Every structure is written in C-alpha cells, then in structure tokens.
Amino acid sequence: MSVARKGGAVFTHDPAHRLQVDFVGDTPGYIDRDSGELVKVQVFVAVLPYSNYSYALAVPTQGTDDFLYALGKCLEHLGGVPQVLVPDNLKAAVIKSDRYEPVLNKVMEDFAEHYGLVVLPARPRKPKDKPSVENTVKLVYQRVFAKLRNQLFFSITDLNAAIMDKVREHNQTRMQREPVSRQERFLADEKHLLKALPPALFEKRYYAELVVASNNCVLLGRDNRHYSVPSQYIGKKTQVIYTRTLVSIYCEGKQIAAHPREKGSGYTTKLEHFASNNGHQMRRSPDYYIGLAAQRSTGLTRLIKRIFEMEKTPELAFRTCDGLLSLQRKTQPDVFEEACEIAYSNDLLSYKRLSGIIRQCALAKAQQVAGQTTLLPMHENIRGKDYYN
C-alpha cells in the first residue's frame, strides 16, 4: 500500500488495484506535410496510483474509438489488467453523468467485460476522485510537452515516439520523497499482481435490429451484405451483433446464426438454413422459373439458366428471377431481348444491372428513331409553297 497526499487529504492505494485515466487539456500537434497546417491531437494519460507509473499516447480525438484504442494500448504496455478503471466523465465512456450510478456507454461495457475490468467513472467536477492522474497531467506538461515544445513533428507516429521517450525518462526518474523510481516500484511490487491480458484483442461490437426477409436472410446495410438464418425465422425481428470479423444473429434472446463477416455486397449463407420442405419454397424451383421464362423470352431463358448455374443456393436467386420477370412484362420485346443479350455476354445477372442496361438500350433506340428523317414521295396532292403565293 502506498500513501499519497493532495491538499490536506491523504490517499492510500493498493498495488495493481486502480488505473486512473484522463485527457490533457492544452494539446500538442504535428505539421501536415501536404497542407503545412498544424494538426492538433488529444493526449491520453494514465497512471497506476500505487507506483505512479505513467503512460501517455496521442490520438486524433477523444471519441469512443480513439479512447478505447488508447486504453487498449495502455494495458498492452502495462502487460496486464488492474481491477478498477477510473476515467473522467468522458462522453466516450459515459452516457449519463450521475453522482452515484453513471451509465456507461455500451461499447465501454463490452470493453470492460472483455478485459475483466470494473469501471468507476469519477464524479462530475470531483478531481479528488482521481488525484494521481490529475498530478500526472501536470507532470506531463512539465516533463514531456515543455521539453518537446521546440521540436517539429510531421506525423502522429513521430510525435508519439517522442512522447513515449519522455514518459520513459519520467518513469525512470527517482521520486522526490521516495528512494526509488516509478518504474522500479511498478516492476517490483505491482506488475506481477496485474490480471493477465485476454488472449484476443478487443473488437468493437456494433448492434442492429433487422427483420428476416423472404430469402431467409437479414441485410446488413453497412456492408450491403445478406446473411442467412434458418427458414422458420422468416418475417421475424432479430438482434444482430457484429464485429470486424464476426456476425452473430439472435431472435428472442437465442442465437440462431453466426457467420464470418465479409465486406462488400453479396450473400453469406449456410445450406442448412434453407429448408426444402418450406411450403413457400416448394412452390418455386429453378425449373419453375426457367419454364416461366421460356414462355416469354429466349434471352430471359438463357439469363435465368445462367443465374442458377452461378448460384449454388437456388433460393437466393428466386427474388432476382421475380425481378427479371417483372422487367420483361414492362419492357418492349426488342429492347428487352437486346438487353438480355448484353447482360448474358457480360455476366451482369442482377436485377439492377439488367434494369440499367434496359434504360440504356431504350435511350439509344429513341435517339436512333429521332435521328431518322423520312422523305415523302412527290405526287399530285402535294401542293408546295407556290400554291399559297
């Protein structure tokens, strides 16, 4: 246990118990090489009150993503996790500031759960709740920013390298009232008491409420990608939790599907999600759509056959086929056949692609007609201009 004094108050701290964090007020910056402008940054500062071992990192903003990135890098630097995190009442970490029960940002809750931390935000306008980090902020000004004020930096990476170097010097300097440095006390009494880091890095979770469409899928609009679920959930509302690498889908509190997250438009599916005994699907099949197309258009028949050759899960092609049949009903036959030939030759198989080709073909045909001049033959009923003179 260490003892710290601030004003007349005395604070005692247990090793590896608390990590106090904050952002400094007056921030440094770097010169943008392209524009020559000064880019201001925010500096995240953290301290373990028992040893006063300090950490600092410049990040672009005080937003949630940058705050959690800095906090994660801090725990990685420490090589372990303390029991309690004491942030200021940052908007990045706290939704509602409350004297007794601050409401945490959902992403901050996920972060704390991942690392096994208890988060106790400081009370509003109560610097005594985190005196160690308040004092560390002052020392950062004196021992870091003051020593770097005459240096120019041209990237945040270079700035952080210089900040880390000065913070290392600060940690290795013997404390005024102690015979040891902050680093010596941290390594001797504190580091081995930190909880182990989790095996995987924290991934930010995103949340969405989506309804399962008739194609057995939910559409994650952010990526414009469809993810399949079992057919019995068609029409039901689901809760989707996704990270950079994983998409998990829940209905009524139960996980019903999980997929690796893939970027870009398209489908990510599992064959077992498409039940062959589903009444809605039994009424439709590749042969059903090919038969309908054969009654209407040679070009459409070739196009639909190609779609089912490309799509290994036929149910996913049914909606596209419905759309192509609708286009055929609304388009002049010669224009539609020409558009189907272009789409087939270039493997442009979607409803939107064929619709766009039809518009271009119709426009070209209209321009061609407008450019033709028809000359009437001369005969006795044509009076000419002399008749009216």
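Every read-out reported here was derived from the displayed coordinates using simple, explicitly stated rules and does not represent laboratory data. Quick caveat, the model's predicted, so the values are computed rather than measured. Glycine also receives a Cβ, built like all others from the backbone with ideal geometry; neighbour counts cover every protein chain displayed.
What FRET efficiency, computed as 1/(1 + (r/R0)^6) with R0 = 41 Å and r the Cβ-Cβ distance, is obtained for ALA362 and ASP287, rounded to the nearest 0.05?
E(calc), rounded to 0.05, equals 0.85.
Multiplying the residue separation of VAL369 and ALA258 by 0.36 nm and removing their Cα-Cα distance gives an extension gain of 34.5 nm. The H on the amide N of VAL119, modeled in the peptide plane, is under 5 Å from the matching H of LEU85, each at least 5 residues off or on a different chain.
Each Lys or Arg adds one and each Asp or Glu takes one away; over the other residues whose Cβ falls under 13 Å from the Cβ of GLY323, this sums to +4. A Cα-only calculation for region 206-273 places Rg and Dmax at 10.5, 28 Å. The translational diffusion coefficient of region 284-371, from Stokes-Einstein at 4 °C and 1.567 mPa s with a Kirkwood hydrodynamic radius over alpha carbon pairs, comes to 99 µm²/s. Rounded to the nearest 0.05, the FRET efficiency derived from the C-beta distance between ILE342 and ARG222 at R0 = 25 Å is 0.20.
Under the convention that each Lys and Arg Cβ holds +1 and each Asp and Glu Cβ holds -1, the size of the dipole of region 284-371 around its Cα centre is about 220 debye. Compared with the alpha-carbon gap, the fully stretched path from ASP14 to ARG353 is longer by 115.5 nm at 0.36 nm per residue. Protection proxy ranking, highest mean first, for peptides 62-72, 345-355, 321-331: 62-72, 321-331, 345-355, where packing is the per-residue count of other beta-carbon atoms within 10 Å, averaged. Distance between the modelled labels on GLN172 and ASP334, one decimal in nanometres: 8.5 nm (7 Å Cα→Cβ projection).
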